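Notes to accompany the following structure.
The values are calculated or read from the model by the stated rules, or taken from the named source; none is laboratory data. Only a predicted model underlies this, so the values are computations on that prediction, with no experimental measurement involved. Cβ atoms come from the backbone with ideal geometry, glycine included; neighbour counts cover every protein chain shown. SASA here: full protein model, heavy atoms, side chains in, ligands and nucleic acids out. Shrake-Rupley method; radii C 1.70, N 1.55, O 1.52, S 1.80 Å.
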Amino acid sequence: MGRHDRHQALVTAGIALTSELSLDGVLQTLVRSAVELSGARYAALGVLDESGEALERFITHGMSEEEIRAIGPLPTGRGLLGDVSDGSRPVRVHDIEGDPRSVGFPPNHPPMRTFLGVPLLLRNVTYGRLYLTDKEGGADFTDEDEELVGLLAAQAAVAVENARLYEQSTEWSRQLESLNELAMALAGEMELAPQLALLTERLRALLGARLVAIALARSDGVLRIEAATDDAAVGTVLGPGTKSAAALARRQSERIDSVPDDPEVDQEIASLLGARSELVVPLLVRGRPLGVLIVVDRDGEDPRFDDDDLRLVETFAPRAAVAVDLSQRVARDALHRAVAAQELERRRLARELHDETGQALTSMLLGLNAVERAATQDEARAAAADLRALVVETLQEVRRLAVDLRPTALDDFGLVPALKRLGQSARERSGLDVQVEAPLGSTRLPPEVETAVYRIVQEAVTNVVKHASARHLSVFLTRRGDTLVGVIEDDGRGFDPDAPRAGVGLVGMRERVELLDGRLTVDSTPGRGTTLLVELPLL
């Protein structure tokens, strides 16, 4: 190849290097171009990692895969290779074995004689080393070879840096996209367990980790693993003496490169998890500790994580903490509302027991006195008959209260029979005509939906009897796709649903519907009756 052709080949190689975005593509192009420019038979390229201390990649040319495997481990940088590593200038040798710096070849290595070694330098930073051996025809490498390969190496150093920057930006973009997807997924999921499972799986995939787990603090001061990418780890308790508890107490992230050598690590738990390296990041919300996010062992030969991995986990941790905090607050709020509803129901039952059942029992005592004071047998029979009627009436009232608490028909026969029994009871007690129509088929609804609909209709009947002065009330239920639709209408006096004192019953209805992610619409006008539209998802 003439000088002009070689310079043209150098330009072509430079264009190829700068147009390649993949680091592996850059390295393959560099080795191939170096061989073409220099006429070498063999070539090798060692690329340093970002620390500049260890090889990240080692690319060869001219040897088969079988030969490479037979040679064994990669070179460590002794001898001539080390001389290229330590200096900033190329190294050219006529005979490798005759050079005093040579330490010989490993077993099964093919014989090589001439040598040219060039560092890949950019701004006094070494990115790697390019080694060429056995120039064609047995000739030595020339000054022109050294110059051209040196120019190629300089271009390659720029291309390597650009490829790394591109890989980093691509990785950052992938992480950002994953974080955005995670935020959207978390926004659509209120149950804590699926949220934590999603967080652990996404983080494991991004880091290439063997195990990711989330441990939450309990009231007794210990941590318990609530979610993990390995189900066997779920339920593991981390006591006060563990690294996780210490990191949470310090509110500080921890990177443990060697788990067996860390005195704070509970080795029994580490052995259970099979941990060699760990990241532990606290979950904090407004300074309040909720738990820790634990990442165990990067996939591959080296299980250690780096600072970028720790920063990524620290980016995930606030999202996990917010998900945990929100779920716990929703659970507490639901519990508070449930307790409030129970107390309201208890007050109602206590009032009815006092006002009706208590008065009935008092009347029974008076009736017994009448029986005792009866002067004749006829008077005694009459007093006993009155007493029997009072007992029967009281027994019916007690049964009504029991039905109000939990109708057995709802459990035994389903929603529709229970609603019809509710309507019949209202008709017997107040004269209100209640009509129930529910073409729902033979398949029963989910238990929580049946209970919610029954309680909503029950509250509607109670409100109509007490406040609406209505003569008729109709209940219509139907399926519309994956939604249960219910319409409850009465012909009573109506009310203003936007009024500040629209009623506690209506608030309770809304809460029941919202707990099931449904919708309640109230249409009422004073003097023109009320219509309730209930929509509840069935999935």
Of everything in the range 106-160, what is under 16 Å from H94 (Cα atoms) and hydrophobic (A, V, I, L, M, F, W, C)? Give them in sequence order.
M112, F115, L116, V118, L132, A139, F141
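Residue by residue, here is whether (1) free of Cβ contacts under 8 Å to residues at least 24 places away in the same chain; (2) more than 30 Å from L532 (Cα to Cα); (3) in contact with a helix residue (DSSP H, G or I) (Cβ under 8 Å, 6 or more places away or on another chain) holds:
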| site | (1), (2), (3) |
| --- | --- |
| A370 | yes, yes, yes |
| A374 | yes, yes, yes |
| Q424 | yes, no, no |
| E437 | no, no, no |
| P447 | yes, no, no |
Here's a check for you: in the range 17-64, which residue that is within 19 Å of N162 (Cα to Cα), of a type in the set (A, V, I, L, M, F, W, C) and part of a helix (DSSP H, G or I) is modelled with the lowest pLDDT?
L17
Residue satisfying all of: in the range 209-235; in contact with a strand residue (DSSP E or B) (Cβ under 6 Å, 6 or more places away or on another chain) and of a type in the set (G, A, S); surrounded by the most Cβ atoms within 10 Å (Cβ to Cβ) among these
A215
Can we say E254 is over 20 Å from A321 (Cα atoms) and acidic (D, E)?
no
Search the range 201-228 for residues that are more than 20 Å from L290 (Cα to Cα) and of a type in the set (A, V, I, L, M) and pair each with any residue that is open to solvent by 10 Å² or more (accessible area, probe 1.4 Å) and in a strand (DSSP E or B) when their beta-carbon atoms are under 6 Å apart and the residues are at least 6 apart or on different chains.
A209/R298
Can you name every one of the helices (runs of 4 or more DSSP H) wholly within the range 240-359 that holds 2 or more residues which are among the polar types (S, T, N, Q) and modelled with pLDDT under 85?
307-352
The range 202-219, residues that are within 12 Å of the chain's Cα centre (by Cα) and within 17 Å of L273 (Cα to Cα)
R204, V212, A213, I214
Any idea how many residues of the range 489-535 are of a type in the set (D, E) and modelled with pLDDT of 85 or more?
5
Hey, among L238, L283, L279, which residue is in contact with a Phe, Trp or Tyr (Cβ under 8 Å, 6 or more places away or on another chain) and open to solvent by less than 10 Å² (accessible area, probe 1.4 Å)?
L279
When only residues in the range 110-125 that are in a loop (DSSP other than H, G, I, E, B), open to solvent by 10 Å² or more (accessible area, probe 1.4 Å) and in contact with a Gly (Cβ under 9 Å, 6 or more places away or on another chain) count, which is modelled with the highest pLDDT?
R113
Tell me, yes or no, whether the range 475-487 has at least one residue that is crowded, with 18+ Cβ neighbours inside 10 Å and modelled with pLDDT under 90.
no
Report the residue count in the range 152-177 for those that are of a type outside the set (S, T, Y), open to solvent by 50 Å² or more (accessible area, probe 1.4 Å) and farther than 12 Å from L30 by Cβ.
9
In the range 286-318, how many residues are open to solvent by 30 Å² or more (accessible area, probe 1.4 Å), of a type outside the set (G, A, S) and over 15 Å from E254 (Cβ atoms)?
9
Write out, first by first residue and then by second, each pair whose Cβ atoms fall under 6 Å of each other, whose residues are 6+ apart or on separate chains, and whose first residue, in the range 246-261, is farther than 13 Å from L283 by Cβ while the second is of a type in the set (G, A, S) and not in a helix (DSSP H, G or I).
D257/S277; V259/A275
Could you tell me whether the range 126-141 includes any residue that is part of a loop (DSSP other than H, G, I, E, B) and open to solvent by 40 Å² or more (accessible area, probe 1.4 Å)?
yes
When D99 is evaluated against the numbered criteria (1) under 28 Å from A154 (Cβ atoms); (2) at pLDDT 75 or above; (3) surrounded by 12 or more Cβ atoms within 10 Å (Cβ to Cβ), which criterion, by number, is the only one it fails?
(2)
